[in-house]
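Report on one structure; see the data block that follows.
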Amino acid sequence: MSQYHKTGLLLRLNCRRDRWRIVTWIVVLAALMASVAAKFDGIYGTPHEIAAIRQMLASPGIVAMFGAFHFTGRVTTAEIFC
């Protein structure tokens, strides 16, 4: 017998026991992301502010941490947020 032959059973039982916690966390995290996206548009909605964010994303420190960001055409808050 394998050392992990009951892993699937244990995983299924744990998911069944914690299903409401899992659903709650998914809903809370989705709501958090949606609220941040909505606020992001309100805070950084003008073209001047978007241009400032675009310059900041091109700085060497940000590029070193996250890699280069490539934008095509007109930059929107949705493209910056994603």
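The values are calculated or read from the model by the stated rules, or taken from the named source; none is laboratory data. Since the model is a prediction, treat every value here as computed from it, not as a measurement. Glycine gets a Cβ as well: all are built from the backbone with ideal geometry, and neighbour counts include every protein chain shown. We work out accessible area using only protein heavy atoms, side chains counted, and drop any ligands, DNA or RNA first. Shrake-Rupley method; radii C 1.70, N 1.55, O 1.52, S 1.80 Å.
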Open item on the list: I'd like the full set of residues that are among the aliphatic types (A, V, I, L, M) and surrounded by 10 or more Cβ atoms within 10 Å (Cβ to Cβ), limited to the stretch 1-24.
Closed with: 10, 11, 13, 22, 23
Task: Conditions (1) at pLDDT 85 or above; (2) among the aromatic types (Phe, Trp, Tyr); (3) assigned to a loop (DSSP other than H, G, I, E, B): number failed by residue 71 - done: (1)
Task: Evaluation of residue 54 against (1) part of a helix (DSSP H, G or I); (2) in contact (Cβ under 8 Å) with a residue 12 or more places away in the chain; (3) open to solvent by less than 90 Å² (accessible area, probe 1.4 Å) (one fails), failing number - done: (3)
TODO: Check 63, 27 and return the single one that is assigned to a helix (DSSP H, G or I), out of contact with any strand residue (DSSP E or B) (no Cβ under 9 Å at 6 or more places or on another chain), open to solvent by less than 80 Å² (accessible area, probe 1.4 Å) and free of Cβ contacts under 8 Å to residues at least 12 places away in the same chain.
DONE: 63
